[in-house]
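Structure first, then comments.
The values are calculated or read from the model by the stated rules, or taken from the named source; none is laboratory data. No experiment lies behind these values; they were computed from the predicted model shown. Cβ placement follows ideal geometry from the backbone for every residue including glycine, while neighbour counts extend to all protein chains displayed. Just the protein is used for accessible areas: all its heavy atoms, side chains included, with ligands, DNA and RNA removed. Shrake-Rupley method; radii C 1.70, N 1.55, O 1.52, S 1.80 Å.
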Amino acid sequence: MVATQPKISLSLGAADTTIIHRVGMTGLYMTLKQLEKQYPSSRQRGGHISWSLTADTIELFWQGSDFVAISWLINESFQLDDTGLIHLAGLDNNAIDLTQKIQIHEGMCAVFLRLNKFYQAGKLVNTELTFEEKKVEYQYKSLTWYAHQTFAEKLCDTDTQQLRQDYVQITSWLYLGGIVRHARTQNTTKLEEKPEYALALLFVPVVCHYCLLHIPSEDLKEKKTHRYLVVIPEIKDFEDASQRRWRLQQLETKQLHVSSLGEAGLLYYSLDDIQPQGDYYQACQVWLYEKMNKDSRQRTLMSIEEIKIDKNTLITYQQIQKYFPTNYQKIQPKQIFIKVNPIRSLIADNLVKGIHWWSNFWEKLVIDDSQGYLFNQLFFNREGFIIMAENSEEDKQYLIFIKVFQQAMKGNFAKMYAKAQEGKDPPIKKKVERLRAELNYCYDELSFKEYLSDFLVRGGLNKYFNQHQEEIVLLIKKIPWQELRIWSLLAIASYKPKNKLTKMNDDSEEE
């Protein structure tokens with residue numbers, strides 16, 4: 001006898017759901033899609049469980065004992081492989097290499113299974129990972145059990161083996177951010193869910209994506225405790241969201257290291273195919289988990305950032321990915337360091353704030369960058385800045401300004417080359433720092449224009465200024481001086497001096 005009425009019904013449009021519920025429903029959808037490939041006939045499944053899936057609804061049917069059907073579903077969904085790594089059936093595990101499996105395993109342990117009562121640790125496993133054809137020794141903590149695997153016991157009544165009719169009490173491992181603050185008030189502040197929603201919440205880890213947050217100045221120093229960023233997407237369509245999460249498995253693990261919450265959010269949607277004529281809008285939350293101090297035994301939720309992404313924002317970020325250098329891996333026999341490109345993350349934060357990709361560079365690269373770390377990163381990103389400006393009709397005007405400014409730099413540096421002793425390089429780096437310091441003294445429009453005029457005069461004959469004199473004068477007159485100060489900074493940072501001591505003049509080009 002085939003059940004005609006669903007035992008469980010879930011809908012994206014239900015008024016009593018949150019972003020976490022909708023993510024959980026999507027994780028269940030993904031899991032059911034994968035399980036039907038493995039078990040195409042309901043006769044192969046416990047309780048002959050079957051399902052009906054649409055873009056916004058899930059219906060589950062089964063026969064006989066609720067516990068038998070739900071246990072089968074949960075047991076198949078949440079497993080451990082032979083090496084003690086978490087195995088989520090909802091992901092396309094054939095497309096996941098060992099490095100990604102370990103990252104998902106460690107991310108889930110750090111964020112969801114934070115307390116040891118939610119898992120049983122196994123032995124430490126030594127393995128070997130391959131990065132850029134080099135072998136790296138790696139050690140991770142295996143599991144012998146985790147809470148997801150036995151949750152059917154919480155959903156079903158022990159005596160009747162049927163789904164509970166009342167609410168199911170849940171804890172933080174099942175609902176991120178949901179905790180009882182004080183044990184004395186837990187009877188009145190405890191978290192409860194309908195059984196069908198509790199089941200859906202079980203599948204949240206399938207959809208979440210984990211990135212590692214780096215503080216740029218800490219890169220390539222001693223090993224730091226991981227700071228995890230968890231991306232929780234807003235779901236509008238089960239199938240669309242599932243395909244997006246499966247696509248993310250194409251990313252290299254080194255790409256999942258960022259230095260801002262904004263880039264973690266944009267990275268989640270970075271493989272979407274944007275149609276120029278179509279509508280596009282997405283939203284997500286990025287949650288930061290980190291240890292309060294080095295003695296902390298578990299990570300704590302430190303902040304949540306809501307991110308909204310429109311078509312132009314994502315297209316610009318995809319250009320940033322294409323034109324700016326990717327993260328760099330420093331591979332050693334027993335350790336691998338990731339050096340992130342903080343400029344990409346800085347730009348990503350601007351994009352999610354809805355401002356120009358270069359808007360707050362002055363604050364970030366001068367005021368907040370006391371050690372000059374970020375400023376020094378500009379040189380390695382110089383080609384990206386030029387290409388981005390060339391591709392933007394709005395920013396093309398600044399390219400002429402950069403050429404004029406750098407031609408003046410060339411004129412100033414020519415004197416240094418002429419005075420340099422034979423066989424020695426002139427102190428270009430000190431001169432660049434001097435220019436940056438002079439620019440820092442510009443605190444209003446008058447002081448900046450006085451500095452700019454004097455600097456151009458000191459640079460001598462300037463072919464670009466002569467060719468575009470009218471455009472440059474109008475640009476200086478109409479553009480806010482703070483914006484020109486940013487592009488002056490970019491011109492200084494991206495200037496590439498000659499590699500050899502050769503005679504320079506106004507008509508010479510950089511090598």
Whichever residue in the range 172-217 is under 28 Å from the mean Cα position of the chain (by Cα) and at pLDDT below 60 and, among such residues, is least open to solvent (accessible area, probe 1.4 Å): Gly178
Residue within the range 289-300 that is closer than 18 Å to Val207 by Cα, not in a helix (DSSP H, G or I) and not aromatic (Phe, Trp, Tyr) present: no
Flag for Ser260 being of a type in the set (Gly, Ala, Ser) and surrounded by fewer than 17 Cβ atoms within 10 Å (Cβ to Cβ): no
One residue from Ser359, Ser370 being of a type in the set (Gly, Ala, Ser), assigned to a loop (DSSP other than H, G, I, E, B) and open to solvent by 60 Å² or more (accessible area, probe 1.4 Å): Ser370
Listing of helices (runs of 4 or more DSSP H) fully contained in the range 443-498 that carry 2 or more residues being open to solvent by 20 Å² or more (accessible area, probe 1.4 Å) and under 17 Å from Lys396 (Cα atoms): 463-467, 469-478, 481-494
Qualifying positions in the range 450-475 - under 23 Å from Val432 (Cβ atoms), hydrophobic (A, V, I, L, M, F, W, C) and without any contact (Cβ under 8 Å) to a residue 40 or more places away in the chain: Leu452, Val457
Test: residue in the range 274-283 that is modelled with pLDDT under 95, outside any strand (DSSP E or B), of a type in the set (A, V, I, L, M) and out of contact with any Pro (no Cβ under 9 Å at 6 or more places or on another chain): yes
Subset of the range 72-107 [more than 26 Å from Leu124 (Cβ to Cβ) and at pLDDT below 95]: Asp92, Asn94, Ala95
Identity of the residue in the range 313-345, aliphatic (A, V, I, L, M), open to solvent by less than 20 Å² (accessible area, probe 1.4 Å) and assigned to a helix (DSSP H, G or I), that ends up farthest from Ile387 (Cα to Cα): Leu314
Some residue of the range 303-326 being touching a Phe, Trp or Tyr at 6+ places or on another chain (Cβ under 7 Å), under 30 Å from Leu113 (Cα atoms) and of a type outside the set (Val, Ile, Thr): no
Complete set of residues in the range 34-56 that are of a type in the set (S, T, N, Q), open to solvent by less than 40 Å² (accessible area, probe 1.4 Å) and assigned to a loop (DSSP other than H, G, I, E, B): Ser41
Residue within the range 90-98 that is buried (at least 18 other Cβ atoms within 10 Å of the Cβ) and either over 18 Å from Ala198 (Cα atoms) or out of contact with any Pro (no Cβ under 8 Å at 6 or more places or on another chain) (or both) present: yes
Every residue from the range 15-33 that is open to solvent by 30 Å² or more (accessible area, probe 1.4 Å) and closer than 19 Å to Asp240 by Cα: Thr18, Arg22, Lys33
